[in-house]
Amino acid sequence: FTGLSEKIDPEEVYSIMDQIYEILIHKVHDYEGTVNEMTGDGIMALFGAPIALEDAPQRAIRSAYAIHREITRFNDKITQERGGLPTLKMRIGIHTGPVVVGTLGNDLRVEFKAVGDTVNLASRMENLAEPGATYVSEETFKLSEGLFRYESLGEKKINGKQEPVKTYRVIGPSTRRTRFDVSAERGLTPFVGKERELELLLDGFERAKQGRGQAFSIMAEAGVGKSRLLYEFRKVVSNEDITFLEGKCLSYSRGVAYYPIIDLLKSNFDIRESDEDSQIRDKVKRGLRQLDVDEAFTLPCLLELLSVKDSGIDQIALTPEARKNRMMEAMKRIPIKGSEIRPLIMAIEDLHWIDKSSEEVLKYLLESISGARILLIFSYRPEFVHTWGRKSYHNQVNLNRLSNHESLIMVSHLLGTENIARELEELILEKAEGVPFFIEEFL
């Protein structure tokens with residue numbers, strides 16, 4: 001910032017900083033964070049305060065990653081507009097812990113502030129970070145391990161701290177997006193208490209294979225086993241000649257239109273995060289030819305959804321409502337045509353975080369599968385209420401908590417012994433209340 005302000009006049013510095021602040025604020029808000037304070041050349045943001053979030057550390061890191069990417073694009077833009085400016089890079093520090101949030105000041109000036117050691121250590125992490133890097137503390141690392149790739153930097157001496165602090169540099173997101181993905185890679189506990197529900201899914205799959213499309217809605221509280229049931233189902237059908245597509249709604253994706261649908265499209269056309277626009281276009285074209293889908297109608301819609309430049313959708317004279325209908329029809333054609341080649345299973349998880357546009361697409365698709373070789377599987381928490389009404393081919397599956405006996409089977413596996421003290425058994429049963437996730441976390 002100092003180097004920049006020395007090379008150009010104050011008006012231009014102000015203009016550039018205004019654009020940078022806009023990037024920072026938007027990328028924090030994208031992940032439902034709160035910008036708590038504006039500094040001379042940066043910001044302080046909170047995730048999980050004043051409103052609690054169940055995955056605040058993950059959101060903070062993803063926000064930081066998005067900021068670095070957007071600043072890189074901003075540098076390219078500034079370089080094209082006028083050369084000779086130093087490259088701008090952000091240093092970001094993240095720490096996780098309790099803060100006190102409230103208003104400080106008097107009648108002349110009141111300021112909303114977050115204070116405490118957590119704020120101080122996050123600031124120290126930022127001071128340590130190299131330009132263009134994100135450094136996190138051990139507390140943040142432990143809560144997000146497996147979801148991101150890290151480089152351990154060892155223990156660092158921090159001003160004001162008696163003991164050195166373990167520090168990690170964020171390299172980038174891993175291929176795993178949920179805690180269950182991480183757990184599955186490390187090894188899972190025995191599958192107990194959901195055998196009947198698994199059989200229901202398998203029966204529905206057999207009907208779908210015969211051309212009698214089926215849909216299942218799996219409802220359960222957090223941690224009871226929705227993802228595990230879907231994981232076990234996929235294992236059982238893994239040797240079948242089918243197409244299995246998965247889409248996930250994420251806690252910070254509610255503001256992104258068609259998020260899980262885009263997930264499904266990327267899976268269907270084998271699109272990677274590193275693919276350029278030209279590669280995405282080629283993959284989609286090749287996929288549409290294999291499906292024998294009308295390219296002129298469908299391709300512009302899909303490229304627009306996949307954020308490909310020059311998608312062609314703007315060249316089609318459509319009202320906003322007509323464009324939306326065309327998009328929905330294009331998104332319906334892909335699974336319907338695909339199911340004519342081989343049976344198709346589409347699983348969309350965590351609908352309690354779904355955006356309205358995606359929900360409309362799923363409802364539209366659900367109304368079209370009765371004569372297709374398609375099995376739709378939705379999972380969500382009790383607070384979500386679907387809008388697709390009653391259908392003879394739609395099945396509701398409610399998952400219950402584990403019984404005491406089933407809970408103790410899990411405990412025995414985790415502890416590696418069946419000889420467990422009675423007092424410990426009672427403590428675990430009381431604290432976990434039959435929720436598998438709580439049992440794993442407790443132990």
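Any idea which residue in region 25-60 is surrounded by the most Cβ atoms within 10 Å (Cβ to Cβ), counting only those that are part of a helix (DSSP H, G or I) and out of contact with any helix residue (DSSP H, G or I) (no Cβ under 6 Å at 6 or more places or on another chain)? Walk me through it before giving the result.
Within region 25-60, the first condition is being part of a helix (DSSP H, G or I), and the residues that meet it are 25-30, 56-60.
Retained after the next criterion (residues that are out of contact with any helix residue (DSSP H, G or I) (no Cβ under 6 Å at 6 or more places or on another chain)): 25-26, 29-30, 56, 59-60.
Working: Ile25: 15, His26: 14, His29: 14, Asp30: 17, Ala56: 22, Arg59: 23, Ala60: 27.
This residue is Ala60.
For every residue, the table says whether it meets (1) out of contact with any helix residue (DSSP H, G or I) (no Cβ under 7 Å at 6 or more places or on another chain); (2) free of Cβ contacts under 8 Å to residues at least 24 places away in the same chain.
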residue	(1), (2)
Met219	yes, no
Leu229	no, no
Arg254	no, no
Arg272	yes, yes
Lys285	no, yes
Val308	no, no
Wholly enclosed helices (runs of 4 or more DSSP H) of region 131-227 bearing at least 3 residues at pLDDT below 90 and either under 26 Å from Gly338 (Cβ atoms) or among the small types (Gly, Ala, Ser) (or both): 179-186
Region 75-94 residues that are more than 25 Å from Ser63 (Cβ to Cβ) and in the same structural domain as Gly132 (by TED's automatic domain parsing), paired with ones that are of a type in the set (Ser, Thr, Tyr) and exposed (fewer than 15 other Cβ atoms within 10 Å of the Cβ) (beta carbon under 8 Å, 6 or more apart): Leu85/Thr79
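Those residues that are under 26 Å from the mean Cα position of the chain (by Cα) and surrounded by fewer than 16 Cβ atoms within 10 Å (Cβ to Cβ), I need them from region 112-127; list them, please.
Within region 112-127, the subset under 26 Å from the mean Cα position of the chain (by Cα) is 118-119, 122, 125-126.
Scanning region 112-127 gives no hits.
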Single condition Lys142 does not satisfy, out of (1) within 30 Å of Gly434 (Cβ to Cβ); (2) touching a residue at least 24 places away in the same chain (Cβ under 8 Å); (3) assigned by TED's automatic domain parsing to the domain that holds Thr39: (2)
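Yes/no matrix, rows are residues, columns are (1) within 22 Å of Leu245 (Cα to Cα); (2) in contact with a strand residue (DSSP E or B) (Cβ under 6 Å, 6 or more places away or on another chain); (3) not hydroxyl-bearing (Ser, Thr, Tyr):
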site: Met346; (1), (2), (3): yes, yes, yes
site: Glu349; (1), (2), (3): yes, yes, yes
site: Lys356; (1), (2), (3): yes, no, yes
site: Ser370; (1), (2), (3): yes, no, no
site: Leu375; (1), (2), (3): yes, yes, yes
site: His394; (1), (2), (3): yes, yes, yes
Matching residues in region 392-412 - criterion: being under 30 Å from the mean Cα position of the chain (by Cα) and at pLDDT below 90: Ser407, Met410, Val411
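Would you say Lys89 is over 23 Å from Asn36 (Cα atoms) and either out of contact with any strand residue (DSSP E or B) (no Cβ under 9 Å at 6 or more places or on another chain) or part of a helix (DSSP H, G or I) (or both)?
Working: over 23 Å from Asn36 (Cα atoms): no; either out of contact with any strand residue (DSSP E or B) (no Cβ under 9 Å at 6 or more places or on another chain) or part of a helix (DSSP H, G or I) (or both): yes.
In short, no.
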Among residues of region 226-252, those that are closer than 28 Å to Lys285 by Cα and crowded, with 21+ Cβ neighbours inside 10 Å, counted: 2
Hits in region 350-372 - residues which are of a type outside the set (A, V, I, L, M, F, W, C) and either crowded, with 24+ Cβ neighbours inside 10 Å or not assigned by TED's automatic domain parsing to the domain that holds Val224 (or both): Ser358
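Select from region 346-399 the residues that are of a type in the set (Ser, Thr, Tyr) and more than 25 Å from Arg177 (Cβ to Cβ) and list them in ascending order. Spell out how you get there, then give the answer.
Taking region 346-399 and keeping what is of a type in the set (Ser, Thr, Tyr), we get 357-358, 364, 368, 370, 379-380, 387, 392-393.
Residues satisfying the conditions are Tyr364, Ser368, Ser370, Thr387, Ser392, Tyr393.
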Unmet criterion (only one of (1) more than 11 Å from Leu306 (Cα to Cα); (2) in a helix (DSSP H, G or I)) for Asp270: (2)
Where Ile439 falls short, out of the listed (1) surrounded by fewer than 16 Cβ atoms within 10 Å (Cβ to Cβ); (2) in contact with a Ser or Thr (Cβ under 8 Å, 6 or more places away or on another chain): (1)
Close pairs (6 angstrom Cβ cut-off, 6 or more residues apart or separate chains): within 17 Å of Tyr21 (Cβ to Cβ) and in contact (Cβ under 8 Å) with a residue 12 or more places away in the chain in region 40-58, surrounded by 17 or more Cβ atoms within 10 Å (Cβ to Cβ) and hydrophobic (A, V, I, L, M, F, W, C) anywhere: Ile43/Leu24; Ala45/Val28; Leu46/Ala114
Lone unmet requirement of (1) under 21 Å from the mean Cα position of the chain (by Cα); (2) among the basic types (Lys, Arg); (3) within 15 Å of Ile94 (Cα to Cα) for Arg186: (3)
In region 272-306, the residues that are polar (S, T, N, Q) and modelled with pLDDT of 90 or more: Ser278, Gln279, Gln290, Thr298
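Please verify whether region 64-81 includes one or more residues that are of a type in the set (D, E, K, R) and touching a Gly at 6+ places or on another chain (Cβ under 9 Å).
Taking every residue of region 64-81 in turn, none turns out to be of a type in the set (D, E, K, R) and touching a Gly at 6+ places or on another chain (Cβ under 9 Å).
The values are calculated or read from the model by the stated rules, or taken from the named source; none is laboratory data. Predicted model, so just to flag it, every value in this text is computed and none were measured. So basically every Cβ, Gly included, is an ideal-geometry build from the backbone, and we count neighbours across all protein chains shown.
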